[in-house]
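Got a structure for you, written out below as structure tokens; questions coming shortly.
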Amino acid sequence: MKVQRGIVRKWYKTILLALVGLSFCHAQNTQLSGAVKDTLNQPLPNANILAFPQTDGAQTSFAISSPQGLYKLRLEKGIPYRVEVSYMGFTKITDTINLSQDVSRDFVMKPLSDQLGEIVIKQRLAVKVREDTITYRTDNFVTGEERKLRDVLKKLPGVVIDRDGNATVNGKEVTKLMVEGKDFFTGDEKLGVNNIPADAVDEVEAIDNYNEVAFLKGLSDSDKMVLNIKLKEGKKKFAFGDIEVGGGLEDRYLIHPNLFYYSSKTAVNAIGDFNNIGQKSFSLSDYINFEGGFSLLSKDPSAYFNLRNDDFAQFLNNDDFVYNKNKFGAFSISQELSKATDLDAYSIVSNGKLEARNESDFTYLTGNLQEENRTTTINNNLLFTLNKIRLRYIPDSGTDLYAASYLKTSKGDGLNRVLSQTPDQNTFVDTQTQPQSLDFKTELSFNRQFSYKHTSTVEAGFQYSRNENDRDWLFNRPVFSGIIPFNTEDDTYNLLQTTRSIKYDFNINAKHYWVLHRFHHIYPEAGINVTHQTYNTRDTQQLNGGNLVDFTDSGFNNDLLFKLSDSYFGFQYKAKADNFIVKPGLFYHYYFWTVDQFETREVGAGKAVLLPELLVEWKMNSGEKLRLKYNRQSQFGNASQLANRLRLSSFNGLFSGNENLENQLSHSASLFYSKFSLYRGIFMNAGLSYRHQESSIRNITQIEGIDQINTLIYTNLPENSYSANTSFSKKISDYRFTIGGNLNLSDYSRIVNNETLAYNSVNYSYNFKTETSFDDWPNLEAGLRHSFSDFRSDTFDSNFQRITPFAYLDYDFLEDFILKASYEFTYYENQTQNQINRFQEAGASLFYQKEGSAWGFEIEAQNIFDIRFRASNSFSQFLITDQRTFIQPRTLIFKVSYKL
């Protein structure tokens with residue numbers, strides 16, 4: 001612990017000294033404060049107050065008045081400023097001020113005179129707040145050195161962009177990015193944030209509680225936060241973009257073109273990325289977002305986790321690698337076919353090659369605490385496409401009809417090599433894998449507002465999925481002796497496995513929004529979901545002569561048909577009282593399902609379930625909200641979980657499903673609080689959640705040595721999880737201070753070796769950071785992340801911790817240069833086994849572009865210290881894992897860019 005405290009103290013000092021140094025470099029500030037009122041002495045909330053320096057070297061200061069009309073501006077001492085106060089419908093106030101000390105001054109605004117007759121006066125405020133929409137005029141915030149949209153967004157009040165390009169507004173995660181009101185590709189903001197040129201952006205709209213169908217707003221609840229990028233007039237009628245090429249040591253290369261075309265009726269986007277420097281153009285999180293994102297987890301948890309664990313996701317899952325080669329292309333078009341009809345389409349194609357290596361130390365918490373050391377090398381190739389076409393028809397303000405089709409294809413091949421070493425034996429395994437899949441989905445949605453009191457929606461969808469995977473396992477010894485009937489007279493142990501699954505889904509849903517009264521609504525709803533799945537597996541041994549040994553008589557191989565229908569109806573009631581919204585609901589589901597194995601009916605059953613729900617919202621003011629949510633959820637498993645015969649899942653794992661599984665039932669409750677104040681520079685979020693698993697599908701595990709046999713049961717074993725998270729951010733002058741924390745607790749039981757064991761898991765972390773936002777001085781983001789993990793049962797206790805201080809530097813100097821640098825130090829400790837790992841990662845780039853020139857030049861280095869691996873840990877009910885994942889060696893590359 002002395003080492004830990006020493007590291008923390010050292011970084012506290014380093015961060016503090018850096019910030020103090022920047023503070024001394026920065027000029028002394030004074031404060032102009034007061035209130036903005038009208039001539040009747042009433043406060044004017046959300047008024048814009050801007051102070052423009054009249055000398056070079058100082059920065060523009062900006063403020064928005066609070067709901068009470070109050071404002072505060074930080075101004076440099078002894079420098080003259082032109083102060084402008086703007087409010088829609090009132091005459092702009094302009095004044096000149098030069099402060100030597102703090103001053104309080106109120107501004108009284110006069111309504112615009114109507115003597116101008118038909119002359120229209122247009123005011124463009126720096127920030128305009130209207131109900132759920134905040135509009136930023138970016139010219140008031142940018143300083144000219146911004147390269148991409150992310151650099152613009154970072155300078156807008158209330159907007160935060162992390163280093164991957166994920167955006168939040170006033171603490172709320174952005175779920176979609178649009179340009180000129182149209183989805184940018186899949187809507188995933190990272191693709192646009194990291195590629196749209198900064199000089200094309202005119203305004204940014206942050207739209208909370210976004211609903212794609214305009215007349216459903218206020219009826220259909222939405223918690224989505226959307227960014228809509230409005231382009232400058234000159235960028236709406238012609239093509240723009242940039243291209244970047246680079247090369248480096250050890251044959252490293254990069255080619256990255258971006259091309260955008262916008263007109264009043266047409267929008268075309270094209271993005272390419274070809275590199276072998278370790279930059280992944282499409283990640284697992286992008287794939288999850290394409291399939292529905294985090295909202296899929298709340299809607300259908302089983303579908304979300306099945307998605308994360310499918311063969312396609314596993315090929316995308318490697319974020320750390322020793323070599324990565326990407327070929328990525330994306331194209332989209334939005335076309336206005338007529339005043340009432342729009343066509344949107346996109347296609348994404350990616351071809352990647354990946355080489356990865358990791359070394360793991362496993363401790364099996366059964367019997368005599370078996371130890372295993374495992375080395376795994378991976379060589380994967382994956383080609384996939386994502387495609388969408390949508391036609392939308394809006395003939396009038398009360399009708400919205402759209403049809404959309406999606407097509408996803410993937411094809412891969414991989415070679416995994418495993419060396420497993422235990423005190424008893426060594427196992428060598430080569431596994432060749434060839435997955436391929438095709439998913440087609442089509443949706444139809446009809447929305448109609450008949451009158452103020454009556455609105456209806458009908459949605460229908462069909463999905464076809466086909467997944468195939470061929471595995472070729474080559475072992476140095478017969479595994480699972482006595483269970484897998486290997487022919488031991490052969491000198492090789494070659495197991496072939498084929499997996500085939502086909503799935504058809506059909507669903508239709510009808511919902512009516514009935515406005516009984518302005519503050520009382522009722523929403524009846526009914527629908528049906530029908531699923532048809534086939535699942536086939538075959539495990540055989542291939543002998544040297546080419547003959548196959550079939551394992552069917554030994555309990556292997558599946559030929560399963562699963563059919564499920566879910567018919568439901570129910571209602572939601574919505575009432576509003578002052579700032580409260582209460583929305584209870586109740587739905588009745590009737591499930592009927594059959595399971596056939598080898599054309600023999602195993603199961604035919606029906607079941608009714610009641611699913612209550614409740615939503616309570618308290619909107620205290622425009623920047624403060626409290627939300628309580630409860631629901632009971634029901635999810636069925638899939639065909640692979642119902643297939644009750646054995647199949648090999650890994651070199652040391654066998655798995656069989658259970659045809660008697662039923663729907664999982666759980667209770668979820670959450671409480672979320674958010675507050676933001678642009679006047680005080682405060683952003684705060686806090687959340688509590690609880691989940692109780694009423695009935696669940698869980699593993700039963702038999703372990704002998706390191707070999708595991710898993711099957712599934714339907715059980716009411718107790719299982720609870722609790723979580724809490726909070727984040728608080730405060731902006732003071734040019735500094736932003738952020739502190740946050742997370743706590744996750746869980747208690748549950750599992751069956752291992754025929755014994756029911758109770759487990760408790762505790763994970764908690766805290767983080768803090770400080771950011772600066774100077775115009776003319778280096779900007780530093782520095783902080784610390786500290787996490788703890790504790791996993792225990794009646795027989796063992798495991799503890800881990802990770803400390804990561806970090807610093808990121810952005811410095812624009814000599815007008816034409818931009819320096820970026822990043823540094824992270826990681827201290828990782830397995831406290832149970834007294835194992836310690838330390839490693840540091842750093843990267844830097846220097847970019848040069850002469851003002852007014854289209855050419856830019858950059859030199860970039862990653863993994864400067866050339867570290868070999870990252871350390872991590874994980875644990876389960878019978879396994880503790882310490883893992884070292886090897887990463888790409890030091891990379892140095894020189895880039896040239898040209899702005900079109």
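The values are calculated or read from the model by the stated rules, or taken from the named source; none is laboratory data. The structure presented is a predicted model; accordingly, all values stated were derived computationally and were not measured. In this analysis, Cβ positions are derived from the backbone assuming ideal geometry, glycine residues included, and neighbour counts consider all displayed protein chains.
When you scan the range 793-819, how many residues do you find that are among the polar types (S, T, N, Q) and touching a residue at least 40 places away in the same chain (Cβ under 8 Å)? Quick ask: steps written out before the conclusion?
Keep residues of the range 793-819 that are among the polar types (S, T, N, Q), which gives 793, 795, 798-799, 801, 804.
Then drop every residue that is not touching a residue at least 40 places away in the same chain (Cβ under 8 Å), which leaves 793, 795, 798, 801.
Here the count works out to 4.
Give me the strands (runs of 3 or more DSSP E) completely within the range 259-377, filtered to those with at least 3 residues that are at pLDDT 75 or above and closer than 30 Å to R500 by Cα, ordered by residue number. Give the steps one after another, and end with the answer.
Values: elements: 266-275, 323-336, 341-364.
Of the strands (runs of 3 or more DSSP E) lying wholly inside the range 259-377, those with at least 3 residues that are at pLDDT 75 or above and closer than 30 Å to R500 by Cα span 323-336, 341-364.
Within the range 131-163, count every residue that is over 18 Å from V174 (Cα atoms) and surrounded by fewer than 20 Cβ atoms within 10 Å (Cβ to Cβ). Before you say what the answer is, go through the steps one by one.
Residues of the range 131-163 over 18 Å from V174 (Cα atoms): 137-147.
When the remaining residues are screened for being surrounded by fewer than 20 Cβ atoms within 10 Å (Cβ to Cβ), the result is 137, 139-140, 142-145, 147.
Of the residues in that region, 8 qualify.
Which of the residues belonging to the range 592-636 are crowded, with 17+ Cβ neighbours inside 10 Å and hydroxyl-bearing (S, T, Y)?
Once the filter is applied, which keeps residues that are crowded, with 17+ Cβ neighbours inside 10 Å and hydroxyl-bearing (S, T, Y), the range 592-636 yields only S634.
Just the residues that are surrounded by 14 or more Cβ atoms within 10 Å (Cβ to Cβ) and free of Cβ contacts under 8 Å to residues at least 12 places away in the same chain, please, taken from the range 546-561.
T552
Out of the range 164-181, which residues are in a strand (DSSP E or B) and modelled with pLDDT under 80? Talk me through it step by step, then tell me what you get.
Filtering the range 164-181 down to residues in a strand (DSSP E or B) leaves 167-169, 172-179.
K172, the sole residue that qualifies.
Evaluate the range 213-234: report whether one residue or more is of a type in the set (A, V, I, L, M), surrounded by 19 or more Cβ atoms within 10 Å (Cβ to Cβ) and modelled with pLDDT of 90 or more.
Within the range 213-234 (the criterion being of a type in the set (A, V, I, L, M), surrounded by 19 or more Cβ atoms within 10 Å (Cβ to Cβ) and modelled with pLDDT of 90 or more), the answer is no, since none of the residues qualifies.
Right, something else. Just one of I818, I867 is of a type outside the set (S, T, N, Q), outside any strand (DSSP E or B) and surrounded by 14 or more Cβ atoms within 10 Å (Cβ to Cβ); which is it? Spell out the reasoning first.
Values: I818 fails: outside any strand (DSSP E or B).
None of the others qualify; the one that does is I867.
Can you pull out every residue in the range 343-396 that is small (G, A, S) and surrounded by fewer than 17 Cβ atoms within 10 Å (Cβ to Cβ)? First the steps, then the outcome.
Residues of the range 343-396 small (G, A, S): 345, 347, 350, 352, 356, 360, 367.
The answer is A345, S347, G367.
A further question on this structure: Quick one: H512 ticks every box in (1) buried (at least 17 other Cβ atoms within 10 Å of the Cβ); (2) part of a strand (DSSP E or B); (3) in contact with a Pro (Cβ under 6 Å, 6 or more places away or on another chain) bar one, so which box is it?
Against the list (1) buried (at least 17 other Cβ atoms within 10 Å of the Cβ); (2) part of a strand (DSSP E or B); (3) in contact with a Pro (Cβ under 6 Å, 6 or more places away or on another chain), H512 comes up short only on (1).
Please pick out the residue among Y679, Y673 that is crowded, with 16+ Cβ neighbours inside 10 Å and part of a loop (DSSP other than H, G, I, E, B).
Numbers: Y673 fails: part of a loop (DSSP other than H, G, I, E, B).
Criteria check complete, one pass: Y679.
Regarding D342, is this residue under 30 Å from Q883 (Cβ atoms) and either more than 24 Å from the chain's Cα centre (by Cα) or aromatic (F, W, Y) (or both)?
So D342 fails the test.
Any residue in the range 440-451 that is buried (at least 16 other Cβ atoms within 10 Å of the Cβ), among the small types (G, A, S) and assigned to a strand (DSSP E or B)?
Yes, there is a match, as at least one residue in the range 440-451 is buried (at least 16 other Cβ atoms within 10 Å of the Cβ), among the small types (G, A, S) and assigned to a strand (DSSP E or B).
Also, quick follow-up: Has the range 416-423 got at least one residue that is aliphatic (A, V, I, L, M) and either crowded, with 16+ Cβ neighbours inside 10 Å or in contact with a Leu (Cβ under 8 Å, 6 or more places away or on another chain) (or both)? Don't jump to the end; show me each part of the working.
Of all residues in the range 416-423, those aliphatic (A, V, I, L, M) come to 418-419.
Filter once more, so that each one left must be either crowded, with 16+ Cβ neighbours inside 10 Å or in contact with a Leu (Cβ under 8 Å, 6 or more places away or on another chain) (or both): 418.
Yes, some residue in the range 416-423 is aliphatic (A, V, I, L, M) and either crowded, with 16+ Cβ neighbours inside 10 Å or in contact with a Leu (Cβ under 8 Å, 6 or more places away or on another chain) (or both).
Return the total of residues in the range 577-608 being over 15 Å from N529 (Cα atoms), part of a strand (DSSP E or B) and under 32 Å from the mean Cα position of the chain (by Cα). Before the answer, list the steps.
Let us first name the residues in the range 577-608 that are over 15 Å from N529 (Cα atoms), namely 577-586, 595-605.
If we keep only those that are part of a strand (DSSP E or B) as well, we get 577, 580-586, 595-597, 600-605.
Applying the additional criterion that residues be under 32 Å from the mean Cα position of the chain (by Cα) yields 580-586.
Looking only at that region, the number is 7.
Please tell me if N469 is surrounded by fewer than 17 Cβ atoms within 10 Å (Cβ to Cβ) and polar (S, T, N, Q). Show your work before the answer.
Values: surrounded by fewer than 17 Cβ atoms within 10 Å (Cβ to Cβ): no; polar (S, T, N, Q): yes.
No: the conditions fail for N469.
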